[in-house]
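To start, the structure itself, in structure tokens.
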Amino acid sequence: IFELSIRSSLIDSVLAVLVLHEVNEIRIKDVVGEVFRVLKSRGVFLVIDKFMEDFYSTPSEELPLLTEIALHRAIEYAYGVKAWGIRKVDELIHVITKEGFEVKLTIDIILKKWISGDKFLKHYGMRTFKFLEVINGEEKRREIIQLVDEIKSKALIYGYGPVKAKAILFVKP
């Protein structure tokens, strides 16, 4: 994603759905720069992703953020790779506009509906626990386990979701 084998100014549009928060933190500018490079003039870059909010209406709406934090931290502790992560909308807009894009539209969207805690917990945690096996250091392992325990207890009480996200349309001038 940070070295596309596509000629410059060839593509009309690029779509990034739930991708940018997973990119290695030190490569986020490279990714945005590469998107800018391959897009034609007036080409569009549509980003759909989860973002950190200043507050959540319910604890169940906060769980998508907590699950990402636990997973990303587990990956970082296991392999030393730090994801860009869930950020505030303004942070992402700043990074993308700094590379030359203009913001044309921002829309709030819901990606998933609320689900019960029992249903959520049947599928949650497998990836995070897999990374736990690789983490060196009891303190770091304990930190991840505490995060997972917090997620589980909130899920059982409040359920999970809905997952709030934003769609942001950027244009290359």
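Tabulated data
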| item | result |
| --- | --- |
| Relative contact order [Cα under 8 Å, 6+ residues apart], the range 34-131, whole percent | 31 |
| Accessible carbon and sulfur surface of the chain relative to its total accessible area, %, 1.4 Å | 55 |
| Rg to Rh quotient for the range 98-173, alpha carbon positions, Kirkwood Rh | 1.17 |
| The range 83-118 versus the range 1-73: alpha-carbon centroid distance in Å | 8 |
| Burial order of peptide ranges 86-92, 34-40 (average beta-carbon count within 10 Å, highest first) | 34-40, 86-92 |
| Phe45 long-range amide H proximity, modeled H, under 5 Å | Val14, Phe170, Val171, Lys172 |
| Residue-wise HN-Hα coupling along the range 148-165, computed from phi with Karplus coefficients 6.51, -1.76, 1.60 (Hz; x: Gly, Pro) | 5, 4, 4, 4, 4, 5, 5, 4, 5, 7, 10, x, 10, x, x, 8, 7, 8 |
| Residue-by-residue Karplus 3J(HN,Hα) for the range 21-29, coefficients 6.51, -1.76, 1.60, Hz, glycine and proline x | 5, 8, 5, 3, 3, 6, 10, 4, 5 |
| Relative packing of peptides 67-77, 52-62 - highest average C-beta neighbours within 10 Å first | 67-77, 52-62 |
| Residue-wise HN-Hα coupling along the range 60-65, computed from phi with Karplus coefficients 6.51, -1.76, 1.60 (Hz; x: Gly, Pro) | 5, 6, 7, 4, x, 5 |
| For the chain, the spread of Cα positions along each principal axis, largest first, Å | 49, 36, 24 |
| Long-range amide H partners of Lys82 with built H, under 5 Å | Glu25 |
| Leu111, Leu15, Leu20, ranked by accessible area, largest first (probe 1.4 Å) | Leu15, Leu111, Leu20 |
| Rh (Kirkwood; distinct C-alpha pairs) - the range 1-74, Å | 14.1 |
| Nearest 10 degrees, 0 to 90: helix 89-98 Cα axis against the chain principal axis | 30 |
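The values are calculated or read from the model by the stated rules, or taken from the named source; none is laboratory data. Bear in mind that the values here come from a model prediction, so they are computed numbers and not experimental data. Please note: Cβ atoms are built from the backbone with ideal geometry, for glycine as well, and neighbour counts cover all protein chains shown. We work out accessible area using only protein heavy atoms, side chains counted, and drop any ligands, DNA or RNA first. Shrake-Rupley method; radii C 1.70, N 1.55, O 1.52, S 1.80 Å.
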